[in-house]
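The values are calculated or read from the model by the stated rules, or taken from the named source; none is laboratory data. The shown structure was predicted, so the numbers you read here are calculated from the model rather than taken from an experiment. For neighbour counting, all protein chains shown are included, and Cβ atoms are generated from backbone atoms with ideal geometry for every residue, glycine included. Surface areas here come from the heavy atoms of the whole protein model, side chains and all, with no ligands, DNA or RNA. Shrake-Rupley method; radii C 1.70, N 1.55, O 1.52, S 1.80 Å.
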Amino acid sequence: MSRGVLVDTTLCTGCRGCQVACKQQNKLPPEETTFFAKAGGYQNPADLSARTYSLVTFNEVENKNGHFDWVFARRQCMHCEEPSCVSACLVGALSKTESGAVVYDETKCIGCRYCLLSCPFGVPSFEWEKTVPFVRKCTFCFTRQAGGDAPATVNGKALDSEQRARHKETQTKPACTKACHTGALMFGEREELLVEARNRIRKNPKRYVNHIYGEKEAGGTSWLYLAGVSFKKLGFPMHLGERSFPSYAKAAKDGVPHVMLGVGAMLGGFYWYNQRCAEVAKKGE
Amino acid sequence: MAASFGRGAMTNHWNDIANSDCIMVIGSNAAENHPISFKYVTRAQQNGAKLISVDPRYTRTSSVSDIYAPLRSGTDIAFIGAMINYALANDLIQREYVITHTNASFLVDSKFKLEDGLFGEVKDGAYTKDTWKFQKGANGVIRKDTTLKNPNCVYQLLKKHFARYDFESASEITGTPVGDLKKVAKTFVGMSHRPEKSGTIMYAMGTTQHTHGTQNIRSYVILQLLMGNIGVAGGGINALRGESNVQGSTDHCILFHIIPGYLKCPTAGNTSLQAYLDKWTPKTKDAKSANWWGNYPKYITSLLKAFWGENAGKSNDFAYDYLPKRDANYSHMALFDAMGRGVIKGMITLGQNPAVGGPSAGQERDALGNLDWLVAVDLWETETAAFWKRPGTNPADINTEVFLLPAAGSMEKEGSVTNSGRWGQWRYRAKPAPGDAKSDLWMLDRIARELKKLYAQGGVFPDPIVNLAWNYGDGDEPDPHLVAKEINGYFTKDCTVKGKSFKKGQLIPSFAYLLDDGGTSSGNWLYCASYTEKGNMMARRTRSNLKDDPIGLNQDWAWCWPVNRRIIYNRASCDAKGVPWAPNKPVIAYDRVAGKWRGDVPDGGWPPLLKPDGTQDPKAKYSFIMRAEGHACLFAPSLKDGPLPEHYEPLESPVANFMSEQQNNPVIKIWRPEEIGDSKEYPVVATTYRVTEHWQAGAMTRNLPWLAELVPDAFVEMSCEFAAEKGIENGDRVAVKTPRATIELYAVVTPRFKPFELKGKTVHQVGLIWHFGYQGIAKGESANMLTPMVGDANTMIPEFKAFLCDVRKIGKGGVA
Amino acid sequence: MTFQRIDRKIVTGPTVLLALLMLVGLGAVVMRMMNGLGATTNMSDVWPWGLWKSFNVMTLIALGAGGFSSAALIYIFGGEKYHGFARSAVLWGLMAYAFAGGSLMVDIGIPWRIVNPIWMWPEHSLLFEVAWCVMFYLTVLALELAPALFERFNLKGLESAWKALVPIYCIIGLSFFAYIMTHSLIWAVVILAFYGIVAAVLSRAGRKQSTPILLVMFGIVLSSLHQSTLGSLFLLVPDKLSHFWWSPRLPFNFLMSAVIIGLSVIVLERTIAPKVFGVPRQDELLAKLSRFIGSFLWLYLIFRILDVVVEGFSLAGTGHLTVAFGGPEKATMFVSEMFLGIAVPAVLLSIRACRNHVGARTFAVMLVIAGGIFNRLAVCFIGMNLPGEYVPSMIEILVTVGTVATMLLLFTLGAKLLPIYESRRDV
């Protein structure tokens, strides 16, 4: 059961509550920003960084009906189904959990930044300014997802089972999805979210472009997006294809023992042949 | 809205927005400034509702709307007027509702007319109002024509009045393309005029902060009454409060002209309690009118008992003489004007930052320097608290002694807040306040106790202070529960009211039990029932489920004034026989078998006007019980600037008034005529607004690094067309100039602003965010340095939203 | 074949210059360690791999490929006439690999954790494979060079122990390697059995070799793996690397070019060494070796061009052709690489006269090497379709310069202290 988030950009009001909730949850220091570092709205900071795990992007675009629109999308780790970063990491500091989160263990990391290079979405960030730097990125609030049991009482009052369930539900969802009040961020099982996304498109084909971003991109991601404009206009990479990147690497890696046998046999064969030739030549003399 | 319905509050509540079929957001940018409201707006949209956003620029609200229409700041009446005209001309109104619940059928004085933009004679800056009245019959009851055919009936007057606001004329004023205007009118009227459908209007400061702000709201009122949208689920006119407790503080008399519970602040002429009551208790001769304000004597007496306890009795007019009597206007601008003239010598400011938030803020900053002392109570050292060391001043030249008292934040103290939807919700203390920070309750308690001590030693008139009932516990921190209980009120003696016996000291179950003989005390009659013998009703936290509560009243969640009524004027949600207009989302319905209303707490328990057989029910009362005449006012004679809304230009406007010779609201007060800009020198319309990321004058947010990161500096937004004309690029530094001041900020050049075409003239508008000042982490210049010192004719709210300016480029920016 | 050390003064003008450059590089390393990567390099989240990864690691390893290429040529394919090249190639390889590893310590965020892959075994990481290959291959190079030490210090006992133990080390190493790469005991056993049999068969097959054949095989297997895997690393960036360079066949391109570059470096080194160290000129041998290089170049050229053509066809329908290949500057770079780095030297080395002409031959191999360096830099950053640009900082350049200087210095010292070059009388 792999969980994900459905981001419906048509519901997003760009309030950035999720962006701040993320900083609060992860206790991230603020960035000293300049006046709107990017044109097209209020986007700030300009990009993801080791201090900014998630970012609402502001896009002044023309929508599919030809009208001007101001569209807010979101960038954070996509938590790929088959993550490039996990495939890349040479010490296993990154891993994909069963719940869908791609998590990072800083006690293993050596700081090689192959994960940064390999990420199709430009997500992981490095603490460049530190002398002992780590990689930072959205954790899918992995620790929240694991916890969240309700206390026995709140404000001196015992909680009933319904309240406890609600407490658990709100405390275990990722902080950004808890902060989102319009339903633009919907947390749930990825398969169910895909059904929901398809339903929304089917029910309201005028509102959406017929594309669930993340369903197939680079092998699929846990985070899924709906939009009323082409994702290209929102700055999403459009050329990733449907094949997961790690599948290329896996093919190469799986070849290792075969190469060991093949090259060994070939070398042995040649060697043996050359030696035989030499012997024959010697005998012939 | 008080002039139209009887109460000046959000008619419905946040959750109820989800029940709407059409939501018009005008004079508000709710998605940005009331973000949580969009939880419910989105829900409504998912159920098929249309969202309309009307705003001078394309906002984050517009970004999720189904229809966006631009309008020039300050032209709401023309815009809504066109919608009203469309509805009236095409008879797309809910006629039965209008006849039953509004004063459409009332006959107005036959001499009433609008001439040259005036509703009669103006003398000494005020209307004489001699024609603003209804015709009355011999029995003193207002004459009506329920066929609505009489040319003097309100309906016919409305039709005539708004016929002038056709789409084309309105478009020339508002700058809204005719097509957009038509689309909005057709959608809103089309979606909401049918009985089973409801449309709501969400508004905020974009509506009120004009010289004709009250009339802007009046135009919404008329539209909504014609649509039959008041009192119903998913309807209403929802005033979105800018702060979590604005409603609460207004209920408890933060404004100068009222005392708790919207009782009038006595004026110099109200020399005795009787004189006061004679002046302010409304009367009616119509037996069907409940005239709830007829209970006025009970409420003021109980309030006086709450103030002075045992020391308020029949013998001393319940200490009425202790109440100060006002003889002037003490609104924000008047106070600062008086400070500037050296009349006011000292000020305590709690959680307010006029050095950033006040109009013509530069002059307000100067005025602070005329004080002998200033006490600033806030979480941070605000611009107001630090006015003496602001850039460009020499602290040595300022003689004001400033005390900065560190205050506890809202999470650091216990108590209640009342939200826009009138819900009083109890909050607990999450953590103790840091350092020496104290709750404002603590501070006021200390001040009061110290004053009592000092006045006990003598003074000019010590009695009101010395005799003050002040019992909030003996602890260091006053007990907020004692405060809440006092607000609710106690029986002050053993008595029997309405067949029930009560003991002295018992909490009063509801304001229906209040007495005018001193037998009860209540700090605010509206809150009577909020803290009863059953406990603290505001602390309730039970959600209802959709099955039992399809319209989400959530009656067991917190507590709502009045008497836990979630949607006020809810009797108007039913026809004259008590059957809901919208059976799929009933607010209340009359149960003939039980003989009582079901659903929400009704606006009075009387039966509906008609029996099932169509005959009059003698026990029945009209639905708008807070109006003496029992009906909602399409025609509202009680306002200062006209019974019907008429378009006037903002005080500073780029064009002449196309509707009449009368350029501005005729009865506004202009403080400094020499500071009014004209359109030749200042051709650009400017407005101010907020962004999600910062809050009001910014003390709470510009000091938070996470929020400073999002919006680090002040900016002015402008259209690409205007920027091209001025050679300005996105991110450049620009100077914005008005007769009041010139400030420098960053330019945001965006297609979200578009120039307006007004009768062939191209007019540009720019928008500034006003959160900034010289304190905190994120600093920037204050937009309110620019705003004019002029206010609404009725409320004195300054005209922040429409003024003139000039913009020029001063430096290159560095935007990536 | 016997080897001898270069009996010349250690402290000379050039060595002093190299030592100074080394110190400058060391200073730059200290700066980087004290101030962190952000302050001293121009790398960023968008350009996470810079000069150090591309040159100090990727390129140096390609330049060090001569060790295994020559070993294959000499020991496997019967090119015994090149035996004299073996030790210098191995010493150079050892330098290249050691400094690739050393540079990595400068490059990674937490240098002391460079040992982490020794006990942290992820399942799918190609970089993990590279790390282990390089570690093992360093031991192989060291063991291959060991005879020079034995000779120099007359360590007969150690030598026989070496001869006896090296095959065992190789077999165990190979099967262990197979295990940690596959996490499969079966594979480990299969490899163990296979190489056991190979060892048994081959030990009877041929004459005595100066280097145990299993060590040679181990080296070649590891090199084939990691030289190609360095290319495979970039299989994860089909979205970023221009498809002039990226294709699923990237590992083959890397392996081929590594062999070509490695052999070219030997030619270059053998051209310079007589001038610097006074070792005998081997023009005839170098011409022959160059012919191999030339043939390989043709193969490589055809492969690369076909590769791009196939890539183009496979992308033709997707609409992402231009996004995948990048702008005209990428095309220009690709054509230049093909032409100057491959086609021109291929032509030159295919012409006998040119092969036999020292200047032409040297020019040709220098083009090959330059093309190879460019190729590695291109794959690592120059060929990336990413926003902005990356230009190495001064500190980055100084570290790289210092690294190369140190390698040359140590190689010189090695040649002067150990019997690396063949004795004049053997030529």
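Conditions (1) modelled with pLDDT of 95 or more; (2) over 31 Å from the mean Cα position of the chain (by Cα); (3) farther than 30 Å from B:S20 by Cα, marked per residue:
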{"residue": "B:G475", "(1), (2), (3)": "no, yes, yes"}
{"residue": "B:K485", "(1), (2), (3)": "yes, no, yes"}
{"residue": "B:C528", "(1), (2), (3)": "yes, no, yes"}
{"residue": "B:S544", "(1), (2), (3)": "no, no, no"}
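Can you tell me how many residues in the stretch A:1-22 are facing another protein chain (nearest Cβ under 10 Å), farther than 29 Å from B:S719 by Cα and touching an Asp or Glu at 6+ places or on another chain (Cβ under 8 Å)?
Looking only at that region, the number is 0.
Within the stretch A:25-34, count every residue that is at the interface with chain B (Cβ under 7 Å from one of its Cβ atoms) and open to solvent by 40 Å² or more (accessible area, probe 1.4 Å).
Selection size over the stretch A:25-34: 3.
Failed condition for A:V195, given (1) crowded, with 23+ Cβ neighbours inside 10 Å; (2) more than 10 Å from every other protein chain (Cβ to nearest Cβ); (3) among the hydrophobic types (A, V, I, L, M, F, W, C), with all others met?
Checking A:V195 against (1) crowded, with 23+ Cβ neighbours inside 10 Å; (2) more than 10 Å from every other protein chain (Cβ to nearest Cβ); (3) among the hydrophobic types (A, V, I, L, M, F, W, C), the one that fails is (1).
Over 29 Å from C:P111 (Cβ atoms) and more than 9 Å from every other protein chain (Cβ to nearest Cβ): does that describe A:R75?
When the stated conditions are applied, A:R75 passes them.
Criterion first (crowded, with 20+ Cβ neighbours inside 10 Å and hydroxyl-bearing (S, T, Y)) does C:T412 satisfy it?
Considered against the rule, which asks whether it is crowded, with 20+ Cβ neighbours inside 10 Å and hydroxyl-bearing (S, T, Y), C:T412 comes out as no.
Only residues that are under 10 Å from the mean Cα position of the chain (by Cα) and more than 8 Å from chain C (Cβ to nearest Cβ): list them for the stretch A:104-125, please.
Selection gives A:C119, A:F121, A:V123.
Would you say C:L315 is touching a Gly at 6+ places or on another chain (Cβ under 7 Å), in contact (Cβ under 8 Å) with a residue 12 or more places away in the chain and either outside any helix (DSSP H, G or I) or surrounded by 15 or more Cβ atoms within 10 Å (Cβ to Cβ) (or both)?
Taking the combined requirement at face value, the residue does not satisfy it.
Is it true that A:A249 is crowded, with 20+ Cβ neighbours inside 10 Å, of a type in the set (G, A, S) and within 9 Å of chain C (Cβ to nearest Cβ)?
Taking the combined requirement at face value, the residue satisfies it.
Only one of these is away from chain C (no Cβ under 14 Å) and farther than 25 Å from A:A46 by Cα: A:E242, A:E215, A:E279. Name it.
After applying the criteria, what remains is A:E215.
What is the number of the single condition among (1) open to solvent by less than 10 Å² (accessible area, probe 1.4 Å); (2) more than 9 Å from chain A (Cβ to nearest Cβ) that C:M217 does not meet?
(2)
If you go through the stretch C:41-56, how many residues are more than 10 Å from every other protein chain (Cβ to nearest Cβ) and assigned to a loop (DSSP other than H, G, I, E, B)?
Within the stretch C:41-56, residues that are more than 10 Å from every other protein chain (Cβ to nearest Cβ) and assigned to a loop (DSSP other than H, G, I, E, B) number 1.
Taking the stretch B:704-726, which residues are assigned to a helix (DSSP H, G or I), more than 9 Å from chain A (Cβ to nearest Cβ) and either within 13 Å of A:T34 (Cβ to Cβ) or open to solvent by less than 20 Å² (accessible area, probe 1.4 Å) (or both)?
Of everything in the stretch B:704-726, those that are assigned to a helix (DSSP H, G or I), more than 9 Å from chain A (Cβ to nearest Cβ) and either within 13 Å of A:T34 (Cβ to Cβ) or open to solvent by less than 20 Å² (accessible area, probe 1.4 Å) (or both) turn out to be B:F722, B:A723.
From the list B:I93, B:I67, B:I99, exactly one residue is open to solvent by 10 Å² or more (accessible area, probe 1.4 Å) and over 30 Å from B:T147 (Cα atoms). Which is it?
B:I67
Please tell me if B:K129 is surrounded by fewer than 16 Cβ atoms within 10 Å (Cβ to Cβ), assigned to a loop (DSSP other than H, G, I, E, B) and not β-branched (V, I, T).
no
Could you please find all residues in the stretch B:365-394 being open to solvent by 60 Å² or more (accessible area, probe 1.4 Å) and not in a loop (DSSP other than H, G, I, E, B)?
B:D366, B:W373, B:W388, B:K389
May I ask you to say which residue of B:A437, B:A430 is more than 30 Å from B:L303 (Cα to Cα), at pLDDT 95 or above, touching a helix residue (DSSP H, G or I) at 6+ places or on another chain (Cβ under 8 Å) and hydrophobic (A, V, I, L, M, F, W, C)?
B:A437
Which of the residues spanning the stretch C:77-94 are among the small types (G, A, S) and either in contact with a strand residue (DSSP E or B) (Cβ under 8 Å, 6 or more places away or on another chain) or not in a helix (DSSP H, G or I) (or both)?
Selection gives C:G78, C:G79, C:G84, C:S88.
Quick one: count up the residues across the stretch A:130-145 that are open to solvent by 50 Å² or more (accessible area, probe 1.4 Å), within 14 Å of chain C (Cβ to nearest Cβ) and of a type in the set (A, V, I, L, M, F, W, C).
Residues flagged as open to solvent by 50 Å² or more (accessible area, probe 1.4 Å), within 14 Å of chain C (Cβ to nearest Cβ) and of a type in the set (A, V, I, L, M, F, W, C) within the stretch A:130-145 amount to 1.
Could you check, for the stretch A:173-186, whether at least one of its residues is surrounded by fewer than 17 Cβ atoms within 10 Å (Cβ to Cβ) and either touching a Phe, Trp or Tyr at 6+ places or on another chain (Cβ under 8 Å) or of a type in the set (S, T, N, Q) (or both)?
no
Mind checking whether some residue in the stretch C:160-180 is of a type in the set (A, V, I, L, M), more than 25 Å from A:A265 (Cβ to Cβ), more than 14 Å from chain A (Cβ to nearest Cβ) and not in a helix (DSSP H, G or I)?
no
Is it the case, given these coordinates, that C:L289 is within 20 Å of C:H83 (Cα to Cα), open to solvent by less than 40 Å² (accessible area, probe 1.4 Å) and part of a helix (DSSP H, G or I)?
yes
Out of the residues in the stretch C:235-265 that are in a helix (DSSP H, G or I), within 12 Å of chain A (Cβ to nearest Cβ) and open to solvent by 10 Å² or more (accessible area, probe 1.4 Å), which is nearest to C:S69 (Cα to Cα)?
Filtering the stretch C:235-265 for residues that are in a helix (DSSP H, G or I), within 12 Å of chain A (Cβ to nearest Cβ) and open to solvent by 10 Å² or more (accessible area, probe 1.4 Å), the one nearest to C:S69 (Cα to Cα) comes out as C:L255.
Among the residues of the stretch A:78-103, write down those that are of a type in the set (D, E) and more than 13 Å from chain C (Cβ to nearest Cβ).
Answer for the stretch A:78-103, where residues must be of a type in the set (D, E) and more than 13 Å from chain C (Cβ to nearest Cβ): A:E81, A:E98.
Do the conditions hold for A:A37, that is, is it touching a Lys or Arg at 6+ places or on another chain (Cβ under 7 Å), within 14 Å of chain C (Cβ to nearest Cβ), surrounded by fewer than 22 Cβ atoms within 10 Å (Cβ to Cβ) and over 18 Å from A:F134 (Cα atoms)?
No; evaluated as a whole, the condition is false for this residue.
Can you tell me how many residues within the stretch B:627-660 are under 30 Å from B:Y590 (Cβ atoms), open to solvent by less than 10 Å² (accessible area, probe 1.4 Å) and among the hydrophobic types (A, V, I, L, M, F, W, C)?
Here the count works out to 5.
Can you tell me which residue is most open to solvent (accessible area, probe 1.4 Å) among those in the stretch B:274-309 that are touching a residue at least 60 places away in the same chain (Cβ under 8 Å) and of a type in the set (S, T, N, Q)?
B:T284
As an exercise: evaluate B:H161 against (1) modelled with pLDDT under 95; (2) within 24 Å of B:I668 (Cβ to Cβ) and give the number of the one condition it does not meet.
Condition (1) is where B:H161 drops out.
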